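The values are calculated or read from the model by the stated rules, or taken from the named source; none is laboratory data. Quick caveat: nothing in here was measured; it's all calculated off a predicted structure. Cβ: placed from backbone, ideal geometry, glycine included. Neighbour counts: every protein chain shown. When the accessible area is computed, the model is the full protein with side chains, heavy atoms only, and any ligands, DNA or RNA have been set aside. Shrake-Rupley method; radii C 1.70, N 1.55, O 1.52, S 1.80 Å.
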Amino acid sequence: MSKINLKTSNSKLVFSQNNFPQWGITHAQVPTPIVLKDKNIIRVFFASRPEEGKTQIGFADFDYEMPNKLLHVSSKPVLDVGDPGTFDEHGVMPSCILEVNNKLFLYYSGWSRSVGVPYTNSSGLAISEDRGNTFHRVSKGPIISKSIYDPYSATCPFVLKNKNNWLMFYCSGTNWLKINKNWEHEYDIKIATSDNGINWNSEGNTIIKSDDNMNAITRPWLLDYKGSYYLFYCYRKSYDFRDGSGSYKIGISFSNNLEDWEFSKSLHLQNEKSDWDKLAQCYPAIIKKENEILFYQNGNTFGTNGFGLKTLFIGS
């Protein structure tokens, strides 16, 4: 198996605070793109905050041929928080979206405030029948959540539909650490399976495990290229990770069977970092176009300033 060689250029903040919708005062977090070919656009879903302690999901449309060109921003959220007492009553964040039988399946992270530690995370699914303008939940409960295998959290899913099988790469909490009077979460990347994309089976199989350099690993996004698989994600340390020395960086692992993974390289690309992501690079997502990859990510302060786009060129 040969490794891909990635070169980068054209780093730009394509969605900034000047573009934020009226319903979102701060953040455009966890950019989640999909190509709507019938509209010739790239629709990027993101999480924004109308108030402190609450997140909702909206979208921004970009020209497919000129991905830096912003066309439209949703005038209202397409997915609001859940009902009181549900797993997503205080916030929803997009994680993965794919087209299934002319419908859009939006896999998302939901969170609720907790006692003791700050929050609890689980994963939900919402479906759109109008090309992503509105969504309805498949249930008020999560599709994957805390369990015997995931005692702390199960969130940030990336879903792959492979013939009749479905695979989910998700973030599983491994610990809470108290650091400087704050509880900080740690997590690995695990894998789950499904027959229909709704009911999921997880046996706690860890594929990307945290270590001394990667205490928290999240937002997996898979690239299938010439029979090999490349998993993008972001990782941080437990200490000083809010734009400090332990802040998020982008990494890649690769596999030829979706089970055994080897760390390949870091993609923090120091020569290419701009002001908006010079302190942190997090929540990667990609769109593949021929021999280039449109690489979306947040930068400093977890997306407070918007999200950016880099072009990664695939070399031999």
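Looking at TRP200, TRP183, which is the one that is among the hydrophobic types (A, V, I, L, M, F, W, C), open to solvent by 80 Å² or more (accessible area, probe 1.4 Å) and in contact with a strand residue (DSSP E or B) (Cβ under 8 Å, 6 or more places away or on another chain)? Answer to the check: TRP183. Scanning segment 209-265 for residues that are in a loop (DSSP other than H, G, I, E, B) and of a type in the set (Gly, Ala, Ser) turns up SER210, GLY227, SER238, GLY244, SER245, GLY246, SER247.
Within segment 121-139, the set of residues being surrounded by fewer than 21 Cβ atoms within 10 Å (Cβ to Cβ) and free of Cβ contacts under 8 Å to residues at least 40 places away in the same chain comprises ILE127, GLU129, ASP130, HIS136, SER139.
Filtering segment 274-295 to residues that are hydroxyl-bearing (Ser, Thr, Tyr) and closer than 11 Å to GLN29 by Cα leaves only TYR283.
GLY116: farther than 29 Å from LYS37 by Cα and either in contact (Cβ under 8 Å) with a residue 60 or more places away in the chain or surrounded by 22 or more Cβ atoms within 10 Å (Cβ to Cβ) (or both), yes or no? Criteria met by GLY116.
For residues that are in contact with a strand residue (DSSP E or B) (Cβ under 7 Å, 6 or more places away or on another chain) and not in a strand (DSSP E or B), tally how many sit in segment 114-136. Looking only at that region, the number is 8. Consider TYR170 carefully, then state whether it is under 20 Å from the mean Cα position of the chain (by Cα) and assigned to a loop (DSSP other than H, G, I, E, B). No.
Yes/no matrix, rows are residues, columns are (1) open to solvent by 30 Å² or more (accessible area, probe 1.4 Å); (2) hydroxyl-bearing (Ser, Thr, Tyr); (3) outside any loop (DSSP other than H, G, I, E, B):
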site	(1), (2), (3)
PRO142	yes, no, no
ILE148	yes, no, no
PHE158	no, no, yes
LYS161	yes, no, yes
ASN175	yes, no, yes
ALA192	no, no, yes
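Only one residue in GLY246, GLY251 is free of Cβ contacts under 8 Å to residues at least 60 places away in the same chain, within 29 Å of LYS310 (Cα to Cα) and surrounded by fewer than 21 Cβ atoms within 10 Å (Cβ to Cβ), so which one is that?
Of GLY246, GLY251, the one residue that is free of Cβ contacts under 8 Å to residues at least 60 places away in the same chain, within 29 Å of LYS310 (Cα to Cα) and surrounded by fewer than 21 Cβ atoms within 10 Å (Cβ to Cβ) is GLY246.
Residues in segment 292-303: is at least one part of a loop (DSSP other than H, G, I, E, B) and out of contact with any helix residue (DSSP H, G or I) (no Cβ under 6 Å at 6 or more places or on another chain)? Scanning segment 292-303 turns up no residue that is part of a loop (DSSP other than H, G, I, E, B) and out of contact with any helix residue (DSSP H, G or I) (no Cβ under 6 Å at 6 or more places or on another chain). I need every pair where a residue in segment 203-231 that is over 14 Å from GLU262 (Cα atoms) has its Cβ under 7 Å from the Cβ of a residue that is among the β-branched types (Val, Ile, Thr) and modelled with pLDDT under 90, sequence separation at least 6 or different chains. The qualifying pairs are TYR225/ILE4. Within segment 87-113, the set of residues being open to solvent by less than 10 Å² (accessible area, probe 1.4 Å) and in a loop (DSSP other than H, G, I, E, B) comprises ASP88 only.
On the stretch given as segment 121-132, residues that are at pLDDT 95 or above and over 14 Å from PRO94 (Cα atoms) total 2. Note on segment 203-216: residues that are open to solvent by less than 30 Å² (accessible area, probe 1.4 Å) and farther than 17 Å from CYS234 by Cβ total 1.
Filter segment 275-291 for residues that are in a strand (DSSP E or B) and within 14 Å of VAL14 (Cβ to Cβ) and give the result.
ALA285, ILE287
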